[in-house]
1. How about region 13-27: which of its residues are crowded, with 20+ Cβ neighbours inside 10 Å and touching an Asp or Glu at 6+ places or on another chain (Cβ under 8 Å)?
2. Can you pull out every residue in region 391-402 that is closer than 16 Å to E185 by Cβ and either among the aromatic types (F, W, Y) or open to solvent by 70 Å² or more (accessible area, probe 1.4 Å) (or both)?
3. Taking the stated definitions as given, is A275 part of a loop (DSSP other than H, G, I, E, B), open to solvent by less than 50 Å² (accessible area, probe 1.4 Å) and under 30 Å from V168 (Cβ atoms)?
4. Determine which single condition E235 fails, assuming it passes every other condition in (1) modelled with pLDDT under 95; (2) farther than 30 Å from A119 by Cβ; (3) open to solvent by 50 Å² or more (accessible area, probe 1.4 Å).
5. Counting only residues that are of a type in the set (D, E, K, R), over 15 Å from R149 (Cα atoms) and within 31 Å of the chain's Cα centre (by Cα), which one in region 162-200 is least open to solvent (accessible area, probe 1.4 Å)?
6. Please identify the pairs in which a residue from region 353-365 that is closer than 30 Å to E185 by Cβ has its Cβ atom under 6 Å from the Cβ atom of a residue that is open to solvent by 70 Å² or more (accessible area, probe 1.4 Å) and at pLDDT 95 or above, counting only partners at least 6 apart or on another chain.
7. Filter region 126-161 for residues that are open to solvent by less than 20 Å² (accessible area, probe 1.4 Å) and aromatic (F, W, Y) and give the result.
8. If you scan region 249-292, which residues turn out to be in contact with a helix residue (DSSP H, G or I) (Cβ under 8 Å, 6 or more places away or on another chain), among the hydrophobic types (A, V, I, L, M, F, W, C) and more than 30 Å from I312 (Cβ to Cβ)?
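The values are calculated or read from the model by the stated rules, or taken from the named source; none is laboratory data. On a predicted model such as this, the values are computed, not experimentally measured, just so you know. Because the Cβ atoms are built from the backbone with ideal geometry, glycine has one as well, and the counts that use them run over all protein chains shown. For accessibility, only protein heavy atoms count, side chains too; no ligands or nucleic acids. Shrake-Rupley method; radii C 1.70, N 1.55, O 1.52, S 1.80 Å.
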Amino acid sequence: MSTVQTDQLEKINIPKSDLPRIVIIGGGFGGLRFVKNIDTRKYQVVLLDRYNYHTFQPLLYQVATAGLEPDSIAGPLRKTFQKKKNFYFRMAAAKNVDPVAKIVETNIGQLRYDHLVLACGSITNFFNNEEFEQRAFPLKQLPHALNLRSQILQNFEKAVLKNDEQEVQRLMNYVIVGGGPTGVEVAGALGELKKKVLPKDFPELNLNKMQIYLIEGQDRLLGGMSQKSGEKVFEYLKKFDVNLYVGKIVKSFDGETVVLNDGMTIPSETLIWAAGVNGNALQGMNDTVTRDNRYQVDEYSQVRGFDEIYAIGDVAAMQSEELQRGHPMLAPVATQQGDLLAKNLNKGLEKSTWKPFKYMDKGTMATVGRNKAVTELYGKVKFGGFLAWLTWMFVHLVLIVEFRNKLVIMSNWVWNYFTYDRGTRLIIRPFIKKKKKQVEQAEEMPV
């Protein structure tokens with residue numbers, strides 16, 4: 001980074017303080033828990049995020065499929081910490097870090113730090129394929145979910161105007177890439193729309209012709225869970241008439257046709273990308289970044305080679321003999337790392353008093369629709385069906401930040417359960433296809 005200009009510093013307008021300043025980049029699960037637990041009697045705390053809200057990402061797919069309103073899974077960051085003293089939030093996109101000058105460069109100015117916590121999260125991994133990056137629908141941010149919701153609803157509005165059967169079929173086909181939790185949840189939600197909701201909205205269309213395809217490169221679904229859970233989800237999705245293809249890879253997509261590696265073609269205008277993520281590391285410390293764009297950190301979440309810089313959550317790779325690539329990119333990992341780092345810093349900077357991080361894996365789960373889910377608790381207890389579905393709902397409600405959001409989501413779920421209705425089938429912001437590559441800013445700009 002070039003020499004920092006004095007007139008560029010403190011443009012973010014943070015008051016000077018005798019306390020050491022901690023700057024946190026990212027208001028996701030890790031950043032949120034860190035700020036909640038850090039003692040602001042000992043530190044001045046500044047949180048930077050390009051959005052002014054926290055997104056509960058596990059429920060993005062429900063926004064995308066008209067099950068929930070977007071504001072029900074988001075909470076204002078300022079409101080969350082409005083009672084916290086010595087705390088400041090700035091809506092800014094971080095660009096670079098200068099570890100020598102201890103400067104963070106953002107789109108609104110530069111800011112000094114004494115300690116830096118990188119909680120930048122992750123971005124969609126398109127495996128360096130510009131065609132997918134340009135035309136596929138990722139599902140990492142609220143704008144992505146709204147784009148996909150508009151696309152789905154617009155397709156059916158267009159379909160009722162078409163007489164060409166091939167055009168109608170292309171509009172009514174949906175291809176999902178990735179058989180992990182996000183992929184199977186999107187497939188299940190689309191299956192419910194096909195069977196219970198859309199036939200009432202579009203009686204002119206034969207919704208039996210709507211085809212949902214789930215493509216997974218591995219030989220089974222839910223590779224991060226047990227074989228049994230993967231088989232259960234496979235059975236559940238078959239009941240929704242989802243076309244399942246495992247052991248296959250999407251080779252190309254021109255906006256109208258999806259081509260698989262075995263030569264199979266699927267006419268579709270909608271390719272939903274749920275095939276993996278990379279870390280969202282910033283520029284400035286490239287020597288510490290792994291192949292999947294994550295910072296190498298020690299057992300205390302300290303970025304290797306930098307005493308005052310820490311990384312938590314998806315952007316942190318805490319590698320060991322057992323975990324060659326670090327912990328999985330999951331919300332529980334981020335929250336536990338945020339909790340522990342804050343508590344360690346509250347003790348002071350003497351590492352001998354700090355506790356090393358040890359992930360407590362409480363379990364994983366995935367749902368594909370009403371009464372259909374799989375849950376694995378502590379790696380031992382595995383079950384599916386209605387009980388797993390209730391467990392999935394309970395856990396997600398507990399983890400939602402705002403109390404108002406808990407009530408809104410619960411009321412929506414109850415209403416949907418008894419009426420099979422999705423009340424947010426609204427094209428508020430029409431999605432317009434880009435004719436040339438314009439990377440979605442919400443996805444690729446640093447947090």
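1. Selection gives R21, I22, I25, G26, G27.
2. W392, L399
3. Considered against the rule, which asks whether it is part of a loop (DSSP other than H, G, I, E, B), open to solvent by less than 50 Å² (accessible area, probe 1.4 Å) and under 30 Å from V168 (Cβ atoms), A275 comes out as yes.
4. The number of the failed condition is (1).
5. The residue in question is R170.
6. Between residues of region 353-365 that are closer than 30 Å to E185 by Cβ and residues that are open to solvent by 70 Å² or more (accessible area, probe 1.4 Å) and at pLDDT 95 or above, the close pairs are F357/E299.
7. Those that are open to solvent by less than 20 Å² (accessible area, probe 1.4 Å) and aromatic (F, W, Y): F126, F132, F137, F156.
8. Result: V250, F253, L271.
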